[in-house]
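Notes for the one structure printed next.
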Ligand code: DQQ
């Protein structure tokens, strides 16, 4: 199923249909193997340090995936994450644990939860934290109880509430709290959400699942003691043809401002967001909608497409994300996982795999139609030497190099402007059915255009043998302009392993072009290019593996390949210091 995880969106449907027929009409989803002893290969940490990140979260070695149970508790941020203590590929998963005061610099602690009881002997998979009244944190997580991957939902509580870091966690003997009934596929039943309390005083959670290829979030309710969970009459929501739903997240957002809301908040002037991770496509999708508390049902707005063509939190390598309410700064924070795009052999050789994108503040766009994301402001404490460029014109075919900072480990913010939209290329009506990513593969950064392509060439070698362009291209569709944002890995590395994944990731940016301006921010970190278009309306994370464009051999350019002259109104770029991670 690795092919599915790394495929271009165009490929997904035929492959899925093939699986359908191969398996006599029974859909098989990308699945997790449970290995009890395998994968305990020792790591060779020194194999390659070239692509390790300087300020994106990663442990010193081995495999990581989903962020788990993030919370802000007594002035400390807690990050748990799926971690293989024995190797650089998925397996032997425990909940590793780090704490932080700023979401950027982290102190590693001992794993908090690991297989040890009958109710989690074969695995401790993803889950969430809830802070109960009386300031009592509790974790809900999925336990794997047998080699058939039977999944149950367990809880864990801190062993010592006076430890400021909550290092040790207890899994009481009345676990599991929830087991699948006969109607539920017990090997696709996982990743409990943070709980929220309804007006009736009962707690509610969601668990991701699937039935007949209809993805769904099953709701469970408990009374105040949090210990007695019963399945609700119907799922909170489901959608046909979407496959298994992993790592659901359900939370309110304010219609009035950018502040976050407690997960249980349900007053006026709010919408709800349902995010699910599609196991089949490996993208994190969300809808904006209304939570009907009487029916305990969620209804996506008709402006939110409910399926594979819908909104994504990030149009790149970003999966299994989770938010939490940061009561210290009154904001909602989003965490995610960016897997490698390198080959598994290379992952094993380098001894590590997986990083976490920078935590993002997340809020509802004033249009009410989408979310907006922005790296937490604390990241700016790592900004060091700065270079600046103002009012620089770029004619067609021109580029300008940004020098004087460590461009392989940098934060770059730029505002582009143009004087007219007249030269925007026509949007080919046949592309309407394609994903943005497929349009970007056709109209790459070197294909000359009208208005765009313009943007950054990140992690570029001197003579452009390697580079990862992050750029915009503006099209004129019959009734509106369409802004395409691409982060194109197709020329990112001279390594030519056939199985290395080099996608032309892309998304559309729903932005008003009345002021004829577009902004772009890219966080460049050796093998990560994490970009935010139009102030965070469209986000794309790419994982890339340059061989020439490394350390001080990397270059950064701003380019324009469109007929319309582009102005760099302002560009600010900083060298980024290393975060303290170990
Ligand atoms: N990863 C966990 C599962 C979850 C998946 C296992 C998503 O609980 O569904 O490591 O990446």
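What follows draws every value from the coordinates through simple rules; no lab data is involved. Everything numeric here is computed off the predicted structure, so don't read it as measured data. Positions of Cβ are backbone-derived with ideal geometry, glycine not excepted, and every protein chain shown enters the neighbour counts.
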Give the angle, between 0 and 90 degrees and rounded to the nearest 10, that separates the Cα long axis of helix 9-22 from the longest principal axis of the Cα atoms of the chain. 40
Going by the alpha-carbon gyration tensor, a ≥ b ≥ c the square roots of its eigenvalues, is the chain rounded (a/c under 1.5) or, if a/c is not under 1.5, prolate (a/b greater than b/c) versus oblate? prolate
By average C-beta atoms within 10 angstrom, highest first, the peptides 305-312, 397-404, 355-362: 355-362, 305-312, 397-404
Looks like the range 380-576, by Cα gyration tensor root eigenvalues a ≥ b ≥ c and the a/c under 1.5 rounded cutoff (else prolate when a/b is bigger than b/c, oblate otherwise), is oblate
Give, to the nearest whole percent, the P(r) tail of the range 248-399 beyond 22 angstrom, counting all Cα pairs. 52
Shape verdict for the range 410-475, please, from the Cα gyration tensor: rounded (a/c under 1.5), prolate (a/b greater than b/c) or oblate. oblate
With -39,500 (n - 2.57) per DSSP H segment of 4 or more residues and division by the full residue count of the chain, the 222 nm estimate, nearest 500 deg cm²/dmol, is -1500 deg cm²/dmol
